[in-house]
Structure formats: structure tokens, C-alpha cells
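Peer 1: Structure incoming, see below.
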Amino acid sequence: MLAASPRLRATVLRVAQSIPVVIGVVVISFLLTRALPGDPAVYFAGVAADTASIEQTRVAMGLDKPLPQQFVIYVGDLLQGDLGQSLSSGRSVAADLAKRLPASLELTLTALLLAIAIAVPLGVLAATRPGTWVDHLCRVVVTAGVSLPTFFTGILLIYIFYYLLGVSPSPLGRLDFIYLDPDHVTGFYLIDAALMGDWETWRGAAKQLILPASTLALFTLAPIARMTRASMLTALSSDFIRTARAAGLSNPRVLYGYAFRNALLPVVTTLGMVFSFALGANVLVEKVFAWPGIGSYAVEALVVSDYAAVQGFVLAMALLFVTLNLVIDLLYTAIDPRIGFSSK
Amino acid sequence: MLSVKDLAVSFQTRRGPVDAVRGISFDVSKGEILGIVGESGSGKSVTSYALMRILEAGGMIKAGEATYTGIDLRRAAERDMRDIRGREISMIFQNPRAALNPIRKVGHQIEDVLRQHARATRYDARDKAIEALRAVKINDAEARYHAYPFELSGGMCQRIVCAIALACDPRLLIADEPTTGLDITTQKAVMDLVRDLIRERGMSSILITHDLGLAAQYCDRILVMKDGAIVEQGDPVQIFSDPQHPYSRKLVDATPRAGTGVRSLLPPEDRGPEPNPQVSDQPVLQVRNLTKTYAGKSGPVHAVKGISFTINKGQCVGLVGESGCGKSTTSEILVRLLDATSGEVIFDGEDIARVPARGFAKDARRADIQMVFQDATDSLNPRHTSRQTIAEPLRRLGKMRGPKLAARIEELAALVGLPLSLLDRFPHQLSGGQKARVGIARAVALEPKFLILDEPTAALDVSIQAVVLNLLVDLRAKLGLSYLFVSHDLHVVRLLCDHVIVMKDGEIVEQGAAQDVMSNPQSDYTKSLLAAAPKPPQRRTSS
Amino acid sequence: MTDVLPKPAAKVQGSFDHVLYVLRANPVTLIAFGMFAALIFSAVFGPALVPYDPMATNASNALQPPSWDHWFGTDNVGRDVFSRVIVATRLDLSISVAAVALSFVVGSILGCIAGYWGGWPDIILNRFLDTIMAFPLFVLAMGIVAALGNTIENIIYATAIINMPFYARLVRAEVNIRRDAGFARAAKLAGNSDLRVLAFHIFPNALPPMMVQVSLNLGWAILNAAGLSFIGLGVSPPTAEWGIMVAEGANFIVSGEWWLAVFPGLWLMIAVFTFNLLGDGLRDIVDPRKRT
């Protein structure tokens, strides 16, 4: 069956390719704390430790054992879902991360949807109407967008919309304290509140979400718009569009049916890179808006040298990212019929 | 049916307006096949784009009239033009695979056109599309309906493009260089198909091409264009036997055909004395049982399957074949850029195939075997001036420096007819012919014994090709070189070569003296190749 | 297939003439180079020319809005914001230039090897790059600096590591395209060894597209370094650095003292913006095809 369908083969191959990457990710996250200069035991023992308790920590964590053995123990723990204990919260890192993940996902996904909804039409319009104000607007957005530091835009937006205009609520997290958290179904406040029919809470959550999501969206708008414009331009000037025009195909059909679908392919590929930026910028946005996600968790952990938490965060983010990339690549395989074939 | 009067087209470029077409007039009657012939920059393609109103942004019809069965093409509304395109006037282009939407099934692409022009509904579109595929003589149309362009060969793609163009039964078909890039036998198949379909349906057609011989074979009437103007019109036999305008005379002369020598490609005033190469019977290169096998995705690929031939000193041997026959692989092995799987290449008494390609750059014989590459644009380093390009082998192998180097470069430039002022230009600042000369100067810089010419004139206009071929002939006589001339163009090979080798699928199917093989081919494949090459009419007055 | 003779040049352009031509032809490039020159000037001469000592505190003068004395106002311990912003230019530019230079060199070498010879080096490099790029890059930088220690050198190394895959991939692709080009084969026929062909013929042709990447990366590296400092990694107070100044200023923006955060942020933006604009201009200078 595998031999019969090159696309199925390509899909399986792609999934299989993720495995060495996951292994690499695990190895690197291990190396980040164990094999690098500095004594991990000191970090893990805490700031106010003395020599004796450092030694105790070392033995307790198995840091006195040889490195390969440590790695095996580390992997063993991982497979059981054990990412260690957080020093500051006292709970397991895995539990902490799981609790805070939905907040980050809600923020990132909202931002990305917003970005795509604006950037893709903008890119398409800029490509189909070169030289007009739309085109110039697109170019300004793209150049400005890649120059904007996310943390700065966030702060600026807070200043304008909260301090000067008083339109936005204070940037203190996901929900103002006058509202109760909606019942936990997905962890996404917008979805949970809607499921409960509690529109008050829904509006409250949405108001808190707008500013951070917009900040993140502004940052991710630029690469998406740029790629859409560029690939749409390439598609529009290709030979098969000329054939379609010469055969009299009407403009909407030519534009959207033929050019846009071909143009989408490189855009889908870019999404992976955009996700990488988004997940990174997430950390900064969460800090600015005091958003209780895994990004701010990691930043707080860094400040107090809570090593297990930082390590767990890096590992979790990487695995999330690998999964996202896999989904994107599989999506691409489904769209492009040429995958799996060697072209003649 | 189509009447064009004083048509002028210009483009807005960064350097100001450029006139691509300068007031041309012609007619196409019902059932006629009109050929528009010209070299690059003549404006022939731009004319057809203007008629269809699909000019690129920045292009516009500046003046003139174009009327199609009473409809004013120049002033028609865009909506009306869309009706006309595909339904009344259709167009097919070169590079057929790129002309099809790569991610859409070919059957669906035909349906799109049928439904656009209301020639089919959602329910019968599929059947009509399959009918259209059958009309272009595609076997197994039902299965091909579901194919994507990347799964089909070049010739098959061109048939699909024809199917799309003819699906709505247009009255006029414009074919813009439809055979460029296709193999000779595929070319013939495509052109025969197009001509048969046109005759069957009583259509008219405009065939745009740079190949005068092709136009002469398939067209009822020919227009010759140069620099945006028509210089001569007439029927093919007339134009070939007695061209009136100097430019058409130049084109006719430059078109290689049977029964002429290489000198007669040039205009009479440029012809030098007949070349006199010294051919000895001492071999300069002997190939014995050469094979090359690659590991392909679905099993081993036998690119070259045990070929043997000999090239004597001073000889010019032609290597002919269609794409995929192994001629490029063979030439790369001979010039030692690629290692053979087995076999011997005996040069100067020693088997150079033993020396691995990776180390041959340091071998003492490196300077003796050189190559002129095809596609002059790619064969020159975009960052080097002509001077630096020619200097490279002189510096590295000839160890020349300073004034001696400069003198030798100027000597070579004079030898190949390259003006000294062009020595400090970059490749993008040179014309195709000038780039070809730089490539030749570089190849002969160290006076090699053996030169491989890999389709050196394939991308050149026919008049430039004439000049370059004559240059190659002169150099061979002057420097006592031996050539292996790799080409797909049989007429050119006949003009230049003493001896011819015909390859197919990695094997030699025939070899022998050029005259013998060309006039009296033994193998079926050679016969089909010769039959497929366009045969321009003879020139009555050849001074 | 054009055989139209281009107009003969009166004299052939030298390299310097070409630079001037590029600057004149595109006003955006001219502006970008002007801004770039201004940045370099601030970085080199800034510390000597600023009106106040960037470290000098003056508690009685704290949190003053912009005025003629203090163009950008003063911060919470009375330091002059303008001086600090200008002085920070040197630090931020050095970090990004060092990081980009490092990743350019290492990425180019690895990309050349993988693109030219293929085979095992290519496979290994791809897996290695995949693993680096499997991390959201900023997160990886966080992890590296956190692990190695909070120093400026480590910011440079971390930024270099996360930027390296882009160069390696780009160089690999460009080298791969040109590996079998006519001029590469001709260079071998002229007696160049594989290494010489790669280094002197193929790689220089890959430079124009890389120039755009270099300038984008310079902007990015600054953003990265500032971002890391913003969350408390790398640079520590009282060093003047744009990211850390925005972080400190963020606390005051909700109470209306906007100048502490806005000016450093604005300068950061301008620097990154300049580098982004520079990209096309740099490519035009390096690409011989743009010479007329």
C-alpha cells in the first residue's frame, strides 16, 4: 500500500523525520542544564544553600552519577511526564505548565488568526493592484512590522489605549477580578464563557485579550503579508496565468482559482517560521501584559533561578513547535499534489 | 478575417518608452496559415499579445487598427475581449508544462474554459473535456483527464495546451513558438497535429517562430519582421528562392539546410576563403566501451551503455541525439568532469578515464581537453568581466601574469572577433553572440588539442549562429583543433562535421561519414530524425 | 535569447562609481545609508559627545519630562535619558554586529560544504539545523543565556546560534543551484580544484541574496538582544542598553511618565528599521548585474 501511494509514503516519511528532531530537542534541553559550565546543583539547591545542602541536592538529583546515566534517568522521567519540581511553586513543573498552557495558546492562536485575517487579504490586494495605496500600505506595514520590538509596541499600546484614551482595561491578566473564571472545559476563556452562555464574562475576557493579541498580531503580520504579496506576484506573472487569460477565463476565476491557490503554498511554508517568532514573542507579550501563560511562568522562574521550571518550559515549547511544524507540513502535503513525486 | 493596419505597440520601461512594434499591416484570410518569422527583439510575439490584448503592464497599443471579422480589437471592452479569447481567437505558447496550472488536473483546466464560454454545463463538462482530449489525439483520454501536468511529458503537455485552446472551437489560433524546447521528433508530431486540426476545422492560424525552415514547411504565407517592422511578405518558396529585402536574404542564407556549405550561411560580403582543415588519420581520442550508470529512485539508470568511437586529429565529429540519449553525460565524461562507471578514454596514448574527475584539475593534460558550454549566460561567471573570464585558464594553468597575460588576452579577443572595448564588460552587458565569443576565447586560450562543443549555438539567433559557426570552422583550421560537436540540430551537424554519431537511450545506433549518414541513413531512428527535421525549400540563386 | 546590443558605456564603472550610482538611483537607499551613518557616528563618538554622564544619578532631578535641559527627560534616579539612549547605541550595535558576523561565517562554511558536496555532510547538517530550528528561536536564546550565564558574550553566542541556520540554509541552496552551472564547470576546466571553485567562483555569486539576509539579521539581532535584556537576561543595570531601559521604563508608563520607555524604544525601532531598509541597497551594491 505504501508503494502504491507516493503521497502516503511522503506523509509517513515526514512523520518519521520528526523523530530524530524530537530526540535532538530532548538531548539539547538536557545539555542546557547538565553539561554546561557551572554547577547545576548550585542552581537547583537554591540561592540560600550552603555546601552541605548543595551536596545533598546533588545526590538527590543524581548529579553525582556519570552523564550518560543521568541522561537515561532524565529520559525515563520525561516519559512518565515528570519534569521535576518547581522551586517557587513547590508543585511539579508539568502540572504548572499544563495549568498555564491554555492561556498562552488562547493568546497566540487569537493573534495568529487576527494576523492571517489581515495580512493575507492585504498581501493579495497589494499584489493585484501594484503601485496603488494598498501596495504602499502593505510595504509600510511589512517594513515597520519587522522593525517593531514587541515589548515596546505592547507598552506603547497600553500607554495610548489605557492611559491616554482609557478605552482598554488595565493590563493585569486575563480577566478583571470582578469576573469569575468560567467553568473549565478547554481552558480558553472565550470558548468556555460562550459554552456557558455567560456573555458578560465573555466580553470581559475579550476586552482583556484585545490588546495583547493585537500586539502579537502586529508582529506576525509583517512576514505573512510580505510572503503573500511576493508569492502572489510570482503566481500572477507565471506562464499558466497567461494561458488562462488567453483562454478568456474571467478575472475572479483567474485571480482566485488559479493564482491564489498556487500562491498559498509558499505562504503555508512560511507559517512555520511565523509560529517560531510568535511563540518567542509570546514570552515578551505575556510579561508586558501580566498574562498568566507559560511565557511569564518561564520569565518568573528565570529571575529566581528556578531551573527545573525553565528547562521544562524550553522542552515544552520545543515539542509544541515540532508538533505545529508537523501539522503544517502535513497540511502542505495535502494541498500540493506534486509532493512525493520526482518531477519529470 | 483578421486585418491589421499600421499597428504600433510601445512599452513604458525605466529608461523611457520603447517601441516594440512600429506600424505593421497584414491580413489573415479564412483557412490560411500565416507565419511571422523574426529573431529576438523583432516584435513578433508582442504583436500577437497586442491583438489578444494580453500585453504586460506597461505595454499599450499606441496607434493603428486591428479588426477581427468586423470587431475592433483595439477598442473592444474587456468583457467582450474575454469572450473573444478562447472562443474566437486562441493562443498556445512555448514551454507547455509551465503553461498549465501545476496543481490542477488537466481535465479540470479544460472544463474551466468550456464552462467560462458556456460551451458546457456542470453535468456534461467532463464528457466534453474528454472529447477535447481525444480531438488532440491523446490515447486513453479518460485516464489522462485526471493527470497533473508534472506527470506528463513535454509533448503531451503541449497537446493539452492545444486541447484547451481548441476546446471552444475558435476560428483563429495563434501559436507563439510552440515547438521551442521540444525534441525534434516531438516538434514534428506537435506541428503536424496543429496543422491537421487547423485544416480539419477550417480555421486560420498565425505561427510565430524564429525558425524560417519550420515556417516554410507549415505556412501558406510568411511575414519577416525585424525591429518591429515587416520587411518582406510572401509565400515560402518565393521568399526562399528569391528574397527581396537584404534582411530576409540574410535570414534565408543563415538558415542551415541541405546542399550548402558553412560559408554560404553568411552574407556574400562576409564570406572568407573556404576553410581548409587538415584531417589526419591519427586518433586524438579513442573511446572504448564507455558506460555510466546512476543509482536512480526506482532502480539503476543506464545513461550510457557501452559506446565506442574514435576521433582523429583535426576531425570534427558530430554527436547527435534527442534529450535523454546520453550525449551530455558522454561529453562530461570525456572532458573529465564526471567519472565513468567503466570503459576507457584513450587520449595521447593513455587512459585518462583512470584519473578521477576530482583530481583532473591538477593533471598535466587538463589544458589539452577543453569545452565550450551551451547557454552562454550560465557559462560565464556573472561577477567576472570578459577579461577575467578569459584570463582564468591562462592564470591557473598557463601561469601567466602581468603584461604577458594582457597581451595574450587581446590576442585571443582578436582571434574570436571580440572588440577590445568589450573586454571590461560583465556578461549581462553583452549580447548572446558576444558571450558565445568569450566562451570560445576562454576554451581555446591554452590551445587545447581537443575541444568539445556542447550545443554552442542553441540559444543564439540564426544570423548570429551563422557567424559563430563560421568562427568555429576557422579556428579549427587555424589552430589544428579536433572537435566533438554535440547538437540536436541535424542541419548544423551536416554543415560542420566530417563524421557523425547518432545516439539513442545511451547507445550508438549509427555512425559514419556525415554525408553517408545524412543522405543514406541505415537505422530507423536516424531515418525518423531526418524526416522530422524541417526542410526549407532550396535557394535558387545562391551566389 | 536577447541579442539586442546594449548601448556602449562611455567608460566602464569602477566600484566606487557603482556605489555612488546605487545611492543616487534609489532615494530610499540613500536615506537608509544616511541613517546608518548617523547610527555609526553615535556608536563611535556618542559616549564622548553626550551632554551628561549616562551613569550620573541625581535623585532630586528624577522623573523630569523632556525639556531643553534634558531632551529626553530624566529617569527615576535622575539620569539623563538622552545620554543613555545615545550611549546604548554602541553596546547594541556591537552585540548585533558580532553575533551576525559569527553566524555569517559559521553558517556560510557549513552551507558551502553541504551545498557543494552533499551526501553525509548535507544530511548531518540538515538534521542539526532542524534540531536548532525545532526550538522557537527566542526561547532557545533564553535557554542558552540562562544556562551559560548572564553576560554580554553569552547574548552574542546565543544570538549567533539562533541566526546561524538561516545563513546555512541560504548558502546551501545558492551553492547547490550553481554547483553545476556552466561557469563552475568552466572554472574546473581552467584548473581550479573543487575548493577554489567553491570559494572563489560559486560563493561570491551567492553574496547578493545574502546581503539582504545580513541586514535583516542585524535588525533582528538587536531586537533579540533587547528582548533578552527586557526579561532580565544578559545585560544588568545600571548598564545603558535599549531593552533594559524599556523594561525599567515600563513600570512608569502606567502612571504617565512615558519618556523613560518611549525614547529608548523609538531609537531601537529606528535602528532596526534602518537595517531593514539597508538590505536592498547592500544587495544592489554587491550584485554586478546592477552595474550599467
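Peer 1: I'm told residue B:454 meets every condition in (1) touching a residue at least 24 places away in the same chain (Cβ under 8 Å); (2) of a type in the set (Asp, Glu); (3) away from every other protein chain (no Cβ under 13 Å) except one. Can you identify the failing condition by its number?
Peer 2: (3)
Peer 1: If I filter segment B:459-481 down to residues being among the small types (Gly, Ala, Ser), more than 10 Å from chain C (Cβ to nearest Cβ) and on the phi < 0 side of the Ramachandran plot, which single residue comes out as surrounded by the most Cβ atoms within 10 Å (Cβ to Cβ)?
Peer 2: Per the criteria, the residue is B:466.
Peer 1: If you don't mind, there's one more thing I want to ask. With the requirement that a residue be in contact with a Leu (Cβ under 9 Å, 6 or more places away or on another chain), among the hydrophobic types (A, V, I, L, M, F, W, C) and under 27 Å from residue B:195 (Cα atoms), what does segment B:8-60 give you?
Peer 2: Of everything in segment B:8-60, those that are in contact with a Leu (Cβ under 9 Å, 6 or more places away or on another chain), among the hydrophobic types (A, V, I, L, M, F, W, C) and under 27 Å from residue B:195 (Cα atoms) turn out to be B:24, B:26, B:28, B:33, B:34, B:36, B:37, B:46, B:50, B:51, B:52.
Peer 1: Please report, ordered by residue number, the helices (runs of 4 or more DSSP H) entirely within segment C:121-215 with at least 3 residues that are modelled with pLDDT of 90 or more and under 28 Å from residue B:381 (Cα atoms).
Peer 2: Filter on segment C:121-215 gives C:152-178, C:182-189.
Peer 1: Further, regarding this structure: Testing residue B:418 on (1) hydrophobic (A, V, I, L, M, F, W, C); (2) touching a helix residue (DSSP H, G or I) at 6+ places or on another chain (Cβ under 7 Å); (3) more than 9 Å from chain C (Cβ to nearest Cβ); (4) within 26 Å of residue C:198 (Cβ to Cβ), one condition comes back false. Which one is that?
Peer 2: (4)
Peer 1: Collect the residues in segment A:288-301 that are buried (at least 23 other Cβ atoms within 10 Å of the Cβ) and assigned to a helix (DSSP H, G or I), keeping them in residue-number order.
Peer 2: Within segment A:288-301, A:288, A:289, A:294, A:295, A:296, A:297, A:298, A:301 meet the criteria.
Peer 1: Mind listing just one residue for me: the one in segment B:328-342 that is part of a helix (DSSP H, G or I) and modelled with pLDDT of 90 or more and, of those, nearest to the other protein chains (Cβ to nearest Cβ)?
Peer 2: B:332
Peer 1: If you check B:110, B:36, which single one turns out to be within 21 Å of residue B:167 (Cβ to Cβ) and of a type in the set (A, V, I, L, M, F, W, C)? First the steps, then the outcome.
Peer 2: Working: B:36 fails: within 21 Å of residue B:167 (Cβ to Cβ).
One residue alone meets the criteria, B:110.
Peer 1: Ok, one more. Mind telling me which of the residues B:97, B:85, B:75, B:53 ends up being without any contact (Cβ under 8 Å) to a residue 40 or more places away in the chain and either facing chain A (nearest Cβ under 9 Å) or aliphatic (A, V, I, L, M) (or both)?
Peer 2: B:85
Peer 1: Here is a further query. Can you tell me which residue within segment B:392-408, out of those that are free of Cβ contacts under 8 Å to residues at least 24 places away in the same chain and buried (at least 19 other Cβ atoms within 10 Å of the Cβ), is nearest to the other protein chains (Cβ to nearest Cβ)?
Peer 2: So the first thing to find is which residues in segment B:392-408 are free of Cβ contacts under 8 Å to residues at least 24 places away in the same chain, and the list is B:395-396, B:399-407.
Subset that is buried (at least 19 other Cβ atoms within 10 Å of the Cβ): B:396, B:400.
Details: B:396: 4, B:400: 12 Å.
Among residues in segment B:392-408 that are free of Cβ contacts under 8 Å to residues at least 24 places away in the same chain and buried (at least 19 other Cβ atoms within 10 Å of the Cβ), the one nearest to the other protein chains (Cβ to nearest Cβ) is B:396.
Peer 1: Quick check on my filter: what residues within segment B:142-159 are free of Cβ contacts under 8 Å to residues at least 24 places away in the same chain, over 23 Å from residue B:323 (Cα atoms) and within 11 Å of another protein chain (Cβ to nearest Cβ)?
Peer 2: none
Peer 1: Can you tell me which residue is farthest from the other protein chains (Cβ to nearest Cβ) among those in segment C:117-144 that are surrounded by fewer than 23 Cβ atoms within 10 Å (Cβ to Cβ) and among the aromatic types (Phe, Trp, Tyr)?
Peer 2: Out of the qualifying residues, it is C:120.
Peer 1: Which numbered condition in (1) surrounded by fewer than 24 Cβ atoms within 10 Å (Cβ to Cβ); (2) on the phi < 0 side of the Ramachandran plot; (3) more than 9 Å from every other protein chain (Cβ to nearest Cβ) is the only one that residue B:437 fails?
Peer 2: (1)
Peer 1: On to the next question. Can you find a residue that is among the aromatic types (Phe, Trp, Tyr), surrounded by 16 or more Cβ atoms within 10 Å (Cβ to Cβ) and in a loop (DSSP other than H, G, I, E, B) anywhere in segment A:155-168?
Peer 2: no
Peer 1: What residue, of A:314, A:288, A:267, A:327, is more than 14 Å from the chain's Cα centre (by Cα) and either more than 11 Å from chain C (Cβ to nearest Cβ) or over 21 Å from residue A:115 (Cα atoms) (or both)? So that I can check it myself, show each step before the final result.
Peer 2: Working: A:314 fails: more than 14 Å from the chain's Cα centre (by Cα); A:288 fails: either more than 11 Å from chain C (Cβ to nearest Cβ) or over 21 Å from residue A:115 (Cα atoms) (or both); A:327 fails: more than 14 Å from the chain's Cα centre (by Cα).
Only one candidate qualifies: A:267.
Peer 1: Inside segment A:55-74, can you point out the residues that are surrounded by 14 or more Cβ atoms within 10 Å (Cβ to Cβ) and either modelled with pLDDT of 80 or more or under 30 Å from the mean Cα position of the chain (by Cα) (or both)?
Peer 2: The answer is A:71, A:74.
Peer 1: How about segment B:411-434: which of its residues are without any contact (Cβ under 8 Å) to a residue 60 or more places away in the chain, under 23 Å from residue B:366 (Cα atoms) and in a helix (DSSP H, G or I)?
Peer 2: Within segment B:411-434, B:411, B:412, B:413 meet the criteria.
Peer 1: Then there's this: All but one of (1) in a loop (DSSP other than H, G, I, E, B); (2) within 26 Å of the chain's Cα centre (by Cα); (3) buried (at least 23 other Cβ atoms within 10 Å of the Cβ) hold for residue B:180; which doesn't?
Peer 2: The single condition residue B:180 does not satisfy is (3).
Peer 1: Take the residues of segment C:145-154 that are in contact with a Leu (Cβ under 9 Å, 6 or more places away or on another chain) and more than 7 Å from chain A (Cβ to nearest Cβ): which is surrounded by the fewest Cβ atoms within 10 Å (Cβ to Cβ)?
Peer 2: The qualifying residue surrounded by the fewest Cβ atoms within 10 Å (Cβ to Cβ) is C:150.
Peer 1: Now for a separate question. Would you be able to tell me the number of residues in segment C:221-237 that are more than 9 Å from chain A (Cβ to nearest Cβ), surrounded by 24 or more Cβ atoms within 10 Å (Cβ to Cβ) and not in a helix (DSSP H, G or I)?
Peer 2: So the answer is 2.
Peer 1: Conditions first: (1) outside any strand (DSSP E or B); (2) surrounded by fewer than 16 Cβ atoms within 10 Å (Cβ to Cβ); (3) hydrophobic (A, V, I, L, M, F, W, C). Residue B:295 passes all but one, so which condition is the exception?
Peer 2: (1)
Peer 1: Of all residues being among the charged types (D, E, K, R) and within 14 Å of chain A (Cβ to nearest Cβ) in segment B:115-135, which is farthest from residue B:145 (Cα to Cα)? Just the residue, please. Give the steps one after another, and end with the answer.
Peer 2: Kept after step one, since they are among the charged types (D, E, K, R), are these residues of segment B:115-135: B:115, B:119, B:122, B:124, B:126-128, B:131, B:134.
The next check asks that each one be within 14 Å of chain A (Cβ to nearest Cβ); those that pass are B:115, B:119.
Values: B:115: 16, B:119: 18 Å.
Per the stated criteria, the residue is B:119.
The values are calculated or read from the model by the stated rules, or taken from the named source; none is laboratory data. Model, not experiment: these values are computed from the prediction. For neighbour counting, all protein chains shown are included, and Cβ atoms are generated from backbone atoms with ideal geometry for every residue, glycine included.
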